[in-house]
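Input: a single structure, listed below in structure tokens.
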Amino acid sequence: MLELTGLTAGYHGGTVLHGLDLSVPAGTVHAVVGHNGAGKTTLVHTVAGLMRPGSGTVRLDGRDVTGQPAHRTARAGIGLVPQGRRVFANLSVAEHLRLSYRPPRRGDTTRPSVWTPARVLELLPRLGERRNNRGTDLSGGEQQMLALARALLGSPSVLLLDEPTEGLAPALVRQVHELVTTLADEGIAVLLVSPSPAQAAECAHTLTVLTSGRVGLRLDGAEARTDPTALHAALELAPTPA
Ligand SMILES: Nc1ncnc2c1ncn2[C@@H]1O[C@H](COP(=O)(O)OP(=O)(O)OP(=O)(O)O)[C@@H](O)[C@H]1O
Ligand SMILES: [Mg+2]
């Protein structure tokens with residue numbers, strides 16, 4: 001379970017997140033949508049420890065990890081799939097997997113399950129076929145799978161996915177959403193930043209519209225699927241034609 005209370009964060013230019021409350025119970029998907037610059041990546045970076053919050057708390061299964069650096073939040077069970085994937089151009093898929101494998105410490109029973117490279121390849125068989133290819137040889141979809149594999153190899157309790165479907169063809173978007181659902185069913189708490197409210201609603205249990213670093217709207221995934229009017233209004237999108 002991931003729990004954020006009163007989280008503020010920003011840059012020298014000013015505050016971006018203004019006292020955000022948000023929780024993601026284990027085994028669920030909480031989608032965050034919002035316009036460019038709304039603060040979605042700032043939120044993800046603050047939770048992952050790539051930025052320090054100004055105030056507020058980040059709790060993981062009740063443990064306070066606020067302001068801890070990224071290597072510690074990773075060790076505590078927060079996995080990050082960054083926006084833009086960030087795979088290494090010169091490393092092969094196999095090398096990525098080997099370097100990312102971080103089994104939990106012995107006695108750490110907080111993780112929903114333990115991910116080994118072999119298990120990751122069972123979930124993402126395409127990576128096995130590409131094991132000797134370097135980062136630059138991979139397609140966008142394959143790079144996204146590799147970024148996900150890397151995060152899973154830390155056996156996370158919480159997975160932060162920052163626009164994992166950006167630039168992918170519709171069939172791959174569907175595949176990513178199926179994977180997200182599978183991982184939530186495994187017991188992982190998934191925070192999914194999505195570029196599209198319609199896509200986010202497909203697999204989210206809860207949806208938050210981030211508006212200039214504040215909760216503009218929060219609703220059930222089921223509500224968003226049956227009646228997206230409020231969601232579209234919060235995002236100031238034109239209603240979908242009947
Ligand atoms: N490194 C930085 N230094 C200063 N300001 C930044 C930095 N990164 C982001 N910002 C600013 O913070 C605000 C929020 O940016 P953020 O990247 O969190 O938005 P986002 O919702 O992820 O947008 P996108 O949909 O484009 O990914 C924006 O106004 C942005 O210009
Ligand atoms: Mg972003």
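Overview of results
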| item | result |
| --- | --- |
| Principal axis box of the chain, alpha-carbon based, largest edge first, Å | 47, 43, 34 |
| Region 40-139: radius of gyration and largest Cα-Cα distance (Dmax), Å | 15.6, 45 |
| For region 2-234, share of DSSP beta bridges that run antiparallel, in % to the nearest 5 | 55 |
| Placed amide H near Val32: partners under 5 Å, 5+ positions off or other chain | Leu192, Val193, Ser194, Thr208 |
| Relative contact order %, region 139-242, counting alpha carbon pairs below 8 Å whose residues are six or more apart | 19 |
| 5 angstrom amide H check on Trp115, placed H, neighbours 5+ away | Ser155 |
| Estimated FRET transfer efficiency when R0 is 45 angstrom, pair Ala198-Arg72 (beta carbons, to 0.05) | 0.80 |
| Hull volume in cubic angstrom per residue (convex hull over the Cα atoms of region 3-99) | 132 |
| Cβ-defined net charge surrounding Ala189, 14 Å radius [Lys, Arg +1; Asp, Glu -1] | -1 |
| Region 110-242 - convex hull of alpha carbons, volume per residue in Å³ | 130 |
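Quick note: the coordinates plus some simple rules give every number you see, no bench work behind them. This is a predicted model, so every value here is computed, not measured. Note that we place each Cβ from the backbone using ideal geometry, even for glycine, and neighbour counts take in every protein chain shown.
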